[in-house]
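All remarks here apply to the structure that follows.
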Amino acid sequence: MTAAQAAGDPRGGARPLRLFLGAFGDPGHAFPMLALGSRLVARGHEVTLETWRRWRADVEAAGMRFLAAPEYPVFPTRERPLQPYEAVVKATAQTRPAVAELAPDALVHDILTLAPAMAGELEGVPVATLVPHVYPVGAPGLPPYALGARLPRTAAGRLVWRRFDRLGELGLRQGRAQLNETRARLGLRPVTRLHGGISEQLCIVWTFPQLEYPRELPDSVHVVGPLFWEPPFGEVEPPPGADPLVLVAPSTAQDPEHRLLRAAVAGLGDEPVRVLATWNRKPLAGPVFAPPNTRLVEWVSYSRTMRRCALVVCHAGHGTMARALASGCPVVAVPHSGDMAENAARADWAGVGVRLPWRLLSPQTVRLAARRALGDRAMAERASQLAAWSAAHDGPTRAAELVERLAMGGAGVSPGGECGRTR
């Protein structure tokens with residue numbers, strides 16, 4: 001029997017659970033874990049969050065213990081970067097002593113952060129995975145994840161995508177081989193499943209079920225809805241007037257040249273809208289001309305601003321897009337890299353946004369995409385429906401309940417109690 005089982009229900013007055021969280025430091029990964037950790041603290045638990053040093057003050061302000069995560073370069077840098085699984089081995093060696101010392105009742109790791117998962121497994125701790133976007137595991141007849149292709153509408157279309165299944169499986173097998181090499185170096189048994197970095201005990205997916213392609217999910221996978229957190233920030237006034245407000249919200253991690261920001265400001269300058277555009281504290285390589293209907297700012301609070309908007313223009317980072325939809329705003333999604341193409345495809349498929357390919361980005365195409373989105377009443381209504389769903393489903397509380405259940409020796413809830421298992 002674990003310490004958590006002996007303690008009884010943590011919400012019934014027994015001792016709080018000890019929980020260890022680990023997150024990649026980019027905002028799209030750190031923010032959902034901060035949301036989950038904050039809710040677990042509010043429910044009376046002792047929470048340690050291992051992430052990048054830039055979030056230390058925010059972690060501690062939320063009542064969690066901060067632990068600095070290893071920050072090894074795994075992408076091209078001036079120095080020799082580590083291969084991803086080399087970094088996992090080194091990071092696990094650093095994280096494991098902290099996990100052993102804390103002896104948590106459960107551990108939750110971000111999908112990009114495998115070291116805490118490995119450390120938890122080595123220490124015999126129940127491990128859950130937090131996926132900060134749509135569920136990345138495919139199914140027969142679905143387009144490969146991150147490709148950005150729409151769900152096929154016909155049997156012929158599904159047959160076409162099934163022919164790509166083997167090609168995709170080859171890549172997954174290669175990834176599994178690299179993962180198992182890492183596991184062997186750490187003294188862990190190999191895994192046979194292709195997505196071995198996702199926990200079989202509990203996988204928490206923080207997205208709208210309306211963005212998930214219809215398919216059966218494993219009983220351990222739960223789509224809980226958005227997990228929102230953002231740094232504290234005050235009000236930012238938009239340009240004056242009564243025209244519809246459009247927020248230009250570029251990615252905080254991509255597009256260093258601010259192509260989307262520049263194209264949107266130029267393309268919407270003569271439109272009957274008010275434009276609030278932020279460069280999100282990324283240095284501007286040169287001046288950006290702001291037309292009379294536009295206000296340029298370094299940062300905005302999405303939670304305060306998006307609820308006043310009629311449209312959000314973004315790169316389709318999942319956190320930004322989900323916040324817009326939870327605010328009832330359709331999106332113009334201009335995917336840059338990573339999972340953004342997939343997110344844009346889901347918005348297009350769900351009818352809550354207009355997808356604009358990166359290669360076609362220009363002031364003229366942003367203008368046309370914005371006109372289409374603002375003129376589509378059905379699109380606005382569908383975005384409002386997602387906002388209503390979000391208001392009725394508390395993602396952080398649902399995720400916290402699942403973590404508590406795991407820590408108490410359970411495996412989550414039955415599929416019948418889950419929101420959005422199929423659509």
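Looking at (1) closer than 27 Å to G351 by Cβ; (2) in contact with a Phe, Trp or Tyr (Cβ under 9 Å, 6 or more places away or on another chain), which is the only condition Q178 fails?
(1)
I'm checking my understanding of the structure. Among residues of region 233-257 that are within 26 Å of V134 (Cα to Cα) and in a loop (DSSP other than H, G, I, E, B), which one is farthest from the chain's Cα centre (by Cα)?
Per the stated criteria, the residue is P256.
Here are some conditions: (1) on the phi > 0 side of the Ramachandran plot; (2) of a type outside the set (S, T, Y); (3) at pLDDT below 80. E169 meets all but one. Which one does it not meet?
(1)
Name every residue in region 141-185 that is surrounded by 12 or more Cβ atoms within 10 Å (Cβ to Cβ), among the basic types (K, R) and free of Cβ contacts under 8 Å to residues at least 60 places away in the same chain, in order of residue number.
R158, R162, R176 - these are the residues of region 141-185 that are surrounded by 12 or more Cβ atoms within 10 Å (Cβ to Cβ), among the basic types (K, R) and free of Cβ contacts under 8 Å to residues at least 60 places away in the same chain.
Would you list the strands (runs of 3 or more DSSP E) that sit entirely within region 280-370 and hold 1 or more residues that are open to solvent by less than 50 Å² (accessible area, probe 1.4 Å), out of contact with any Phe, Trp or Tyr (no Cβ under 8 Å at 6 or more places or on another chain) and farther than 23 Å from L142 by Cβ?
The qualifying strands (runs of 3 or more DSSP E) are 294-297, 311-314, 331-333.
Kindly establish whether R215 is surrounded by 13 or more Cβ atoms within 10 Å (Cβ to Cβ), closer than 28 Å to E404 by Cα and in contact with a Ser or Thr (Cβ under 8 Å, 6 or more places away or on another chain).
yes
Which numbered condition trips up W279, out of (1) free of Cβ contacts under 8 Å to residues at least 60 places away in the same chain; (2) under 30 Å from G225 (Cα atoms); (3) touching a Gly at 6+ places or on another chain (Cβ under 8 Å); (4) of a type outside the set (D, E, K, R)?
Going through (1) free of Cβ contacts under 8 Å to residues at least 60 places away in the same chain; (2) under 30 Å from G225 (Cα atoms); (3) touching a Gly at 6+ places or on another chain (Cβ under 8 Å); (4) of a type outside the set (D, E, K, R) one by one, W279 breaks only (3).
Does G138 fit the bill of being buried (at least 18 other Cβ atoms within 10 Å of the Cβ), within 29 Å of L36 (Cβ to Cβ), in contact (Cβ under 8 Å) with a residue 24 or more places away in the chain and in contact with a helix residue (DSSP H, G or I) (Cβ under 6 Å, 6 or more places away or on another chain)?
Criteria not met by G138.
Look at V134 and say whether it is farther than 16 Å from G175 by Cβ, in a loop (DSSP other than H, G, I, E, B), among the aliphatic types (A, V, I, L, M) and within 19 Å of the chain's Cα centre (by Cα).
yes
What's the total number of residues in region 258-269 that are within 21 Å of R308 (Cα to Cα) and in a loop (DSSP other than H, G, I, E, B)?
2
Can you tell me which residue within region 186-207, out of those that are touching a strand residue (DSSP E or B) at 6+ places or on another chain (Cβ under 8 Å) and assigned to a loop (DSSP other than H, G, I, E, B), is most open to solvent (accessible area, probe 1.4 Å)?
Out of the qualifying residues, it is Q201.
Take R166 and decide whether it is of a type in the set (D, E, K, R), more than 14 Å from E342 (Cα to Cα) and part of a loop (DSSP other than H, G, I, E, B).
Judged against the criteria, R166 is not a match.
Could you pull out the residue among P250, P240, P244 that is in contact with a Leu (Cβ under 7 Å, 6 or more places away or on another chain) and open to solvent by 10 Å² or more (accessible area, probe 1.4 Å)?
None of the others qualify; the one that does is P244.
Among the residues of region 218-237, write down those that are surrounded by fewer than 19 Cβ atoms within 10 Å (Cβ to Cβ) and closer than 17 Å to M306 by Cα.
Residues satisfying the conditions are E230, P231, P232, F233, G234, E235, V236, E237.
The values are calculated or read from the model by the stated rules, or taken from the named source; none is laboratory data. Source: prediction; values computed, not measured. Quick reminder, even Gly has a Cβ in these numbers, built from the backbone with ideal geometry, and neighbours come from all protein chains shown. Each accessible area value is taken on the protein alone, full model and side chains, heavy atoms only, with ligands, DNA and RNA left out. Shrake-Rupley method; radii C 1.70, N 1.55, O 1.52, S 1.80 Å.
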